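First the structure, in the form of structure tokens, and then the observations on it.
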Amino acid sequence: MQQSELFPVPNPCIGVCQSNAKGYCMGCLRSRTERQKWNDFMPAEKMRVIELCDLRKEKLEAVLALKKERDTMIAQGIEPPPLPVKPKSQPKPVSDEQDEAGGGSLDLF
């Protein structure tokens, strides 16, 4: 028996409950499927969702920091470098079913 099976996994909802254009919650960063199926997931699946949300948060923070840096460069009259190419690898989805938001994807935008 794993530790995640002994203790309930807390719901990552923070009460914002608004979706972006790709269907990710702007508060907890879960996909539509992850939100809808939360109560049906096993503890290990819930932990995977939380890991994905943490990765999505890191990506979002990095994107926002890059945008801020580019905006500062533009305001100073400096030509910013080209944007990085989107990575091709994506983490494994939590479930086999994919919704419009992409299930376990990190692609928030």
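The values are calculated or read from the model by the stated rules, or taken from the named source; none is laboratory data. Remember, predicted model here, so these are calculated numbers, not experimental data. Note: ideal-geometry Cβ built from the backbone for every residue, glycine included; neighbour counts use all protein chains shown.
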Original post:
Does Ile50 qualify as being in a helix (DSSP H, G or I) and more than 26 Å from Pro84 (Cα to Cα)?
Top reply: yes
Original post:
Do we have Lys59 as assigned to a helix (DSSP H, G or I) and either free of Cβ contacts under 8 Å to residues at least 40 places away in the same chain or at positive phi (or both) here?
Top reply: no
Subject >> Every residue from segment 48-62 that is modelled with pLDDT under 95 and more than 20 Å from Gln18 (Cα to Cα) >> reply: Ala62
Subject >> Filtered residues of segment 31-78 (kept if more than 17 Å from Val9 (Cα to Cα), loosely packed, with under 12 Cβ neighbours inside 10 Å and not charged (D, E, K, R)) >> reply: Ala62, Leu64, Ala65, Thr72, Ile74, Ala75, Gln76, Gly77, Ile78
**OP:** Sort out which residues of segment 15-47 are under 22 Å from Glu58 (Cβ atoms), of a type in the set (A, V, I, L, M), out of contact with any strand residue (DSSP E or B) (no Cβ under 9 Å at 6 or more places or on another chain) and in a loop (DSSP other than H, G, I, E, B), and write them in order of number.
**Re:** Ala21, Leu29
Original post:
Which residue pairs have Cβ atoms under 8 Å apart, sit 6 or more places apart or on different chains, and have a first residue in segment 18-34 that is over 14 Å from Leu52 (Cα atoms) and a second that is of a type in the set (D, E, K, R)?
Top reply: Ser19/Arg32; Lys22/Glu100; Lys22/Asp107; Gly23/Arg32; Gly23/Asp99; Gly23/Glu100
